[in-house]
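The values are calculated or read from the model by the stated rules, or taken from the named source; none is laboratory data. Source: prediction; values computed, not measured. Here the Cβ positions follow ideal geometry from the backbone for every residue, glycine too, while neighbour counts run over all protein chains shown.
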Amino acid sequence: MAISRKEVARLAGVSEATVSRVFNNVGPMKEETRERVLQAAEQVGYVPNALAQQLARKKSGNIGVILPFVPKVHLFSTYYFSEILSGIGEAANRSGYNLLLIFREPSDAKDYSMLFRTQKIDACIVLGARDVPEERAALEQLQAEGHPFCLVNQRFDGTSFMTVDADHAAGSREAVRHLIASGRRSVAFLNGPAEYSSSRDRLAGYRTALRESGIGYREELVFVGNYSRKSGYEQAELIGERIRSGEVDAVFAANDRMAIGLMQGLKELGIEPGERYGLVGYDNSDGSRIISPTLSTVEVPFYEMGRLAAEKLLKEERKEADGQQEDSLLPIRFLARETSTF
């Protein structure tokens, strides 16, 4: 026998209209009331009709997640994207929303507003956004038209876009300070492209740690990859020459994939981490824990970032005031392992 909305309302001690508003995400609602209705529905096994919900809301029931399309890269196998997407999915599922994944190549037109105008999505989260004029203009159009969206792990200076990020400047500072405290005095930095705010923040943290330790910043010790393992591997010969000459005794890499690629390349050149050089990565990916020697790194709460981005968007959809600022900056944690503690 099908469970009716009336039974849920009776058990939760609310009206049928309130039950409808909860499942359709319509109008303001006390969180206590929402939780009571959801618990009652779970207790009696009530499942709302998805099509009826969409018609009632005049919306799609989808959160769009805009992702960069990178040929020959298994995007979902990367720690960064899989963790963020898992967090988004957990929050969306809890609120009765589906995820619609939308892939964009760098050369694609950035008409994100069309996704809303065609009612494909009700809100969107943008991953891998680059701080370039075309991207900025597309996001400014979304904001001007009143479409809810959130950036994860990227910031556009001079805008008021909703953003969820981690404190990458503090993370880089802690990583480099650790290397210096362990006796390293010439720390090279393998960074990502400057079009990402996270790359710029990591560079700022690196420079701060050097300055606080009385060590001068040297631009020739900053190398640039694209956050892939291959790009770290390709820097091994150049950085290896600096290590052999004694010019570099430690490397901080802006993510674990580049750090692991670099370490593999240096091993092939006969340069092992430890006495020859210290190494710190960034992200605390699965690879950092299983590679040998284990990689010192900075833990970033990617899952929590994805979950928080979805929650903030859904609250905006329901027009709930939560007292939070438009941007959220989550803390990081440094983890010392074998590559920097010999």
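Tabulated values for the structure
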| read-out | value |
| --- | --- |
| Which listed residue, of Ser328, Ser296, Ser285, is of a type in the set (Ser, Thr, Tyr) and modelled with pLDDT under 95 | Ser328 |
| Single unsatisfied condition, Gly270 versus (1) in a helix (DSSP H, G or I); (2) over 27 Å from Leu330 (Cα atoms); (3) not acidic (Asp, Glu) | (1) |
| Count - residues of the range 102-138 that are under 19 Å from the mean Cα position of the chain (by Cα) and either outside the structural domain of Leu308 (by TED's automatic domain parsing) or part of a helix (DSSP H, G or I) (or both) | 2 |
| Candidate set: the range 272-301, residues that are buried (at least 17 other Cβ atoms within 10 Å of the Cβ) and hydrophobic (A, V, I, L, M, F, W, C); chosen: the one nearest to the chain's Cα centre (by Cα) | Val300 |
| Given (1) modelled with pLDDT under 95; (2) hydrophobic (A, V, I, L, M, F, W, C); (3) in contact with a Phe, Trp or Tyr (Cβ under 8 Å, 6 or more places away or on another chain), number of the condition Ala321 does not satisfy | (3) |
| Count - residues of the range 217-229 that are surrounded by fewer than 17 Cβ atoms within 10 Å (Cβ to Cβ) and either at pLDDT 95 or above or in contact with a Phe, Trp or Tyr (Cβ under 8 Å, 6 or more places away or on another chain) (or both) | 6 |
| Condition check for Ile121: in contact (Cβ under 8 Å) with a residue 24 or more places away in the chain and either loosely packed, with under 15 Cβ neighbours inside 10 Å or farther than 27 Å from Gly87 by Cβ (or both) | no |
| Where Ser197 falls short, out of the listed (1) without any contact (Cβ under 8 Å) to a residue 60 or more places away in the chain; (2) among the hydroxyl-bearing types (Ser, Thr, Tyr); (3) farther than 18 Å from Gly278 by Cα; (4) crowded, with 19+ Cβ neighbours inside 10 Å | (1) |
| Where Thr208 falls short, out of the listed (1) β-branched (Val, Ile, Thr); (2) under 29 Å from Arg307 (Cβ atoms); (3) buried (at least 17 other Cβ atoms within 10 Å of the Cβ) | (2) |
| Residue within the range 175-189 that is surrounded by fewer than 23 Cβ atoms within 10 Å (Cβ to Cβ), outside any helix (DSSP H, G or I) and aliphatic (A, V, I, L, M) present | no |
| Filtered residues of the range 176-225 (kept if among the polar types (S, T, N, Q) and within 25 Å of Glu237 (Cα to Cα)) | Ser182, Ser186, Asn191, Ser199 |
| Where a residue in the range 26-53 is within 15 Å of Glu16 (Cα to Cα) and at pLDDT 85 or above and its partner, wherever it lies, is part of a helix (DSSP H, G or I) and polar (S, T, N, Q), with Cβ under 9 Å and at least six apart | Thr33/Thr18; Val37/Thr18 |
| Subset of the range 1-25 [assigned to a helix (DSSP H, G or I), polar (S, T, N, Q), more than 18 Å from Ala310 (Cα to Cα) and at pLDDT below 85] | Ser20 |
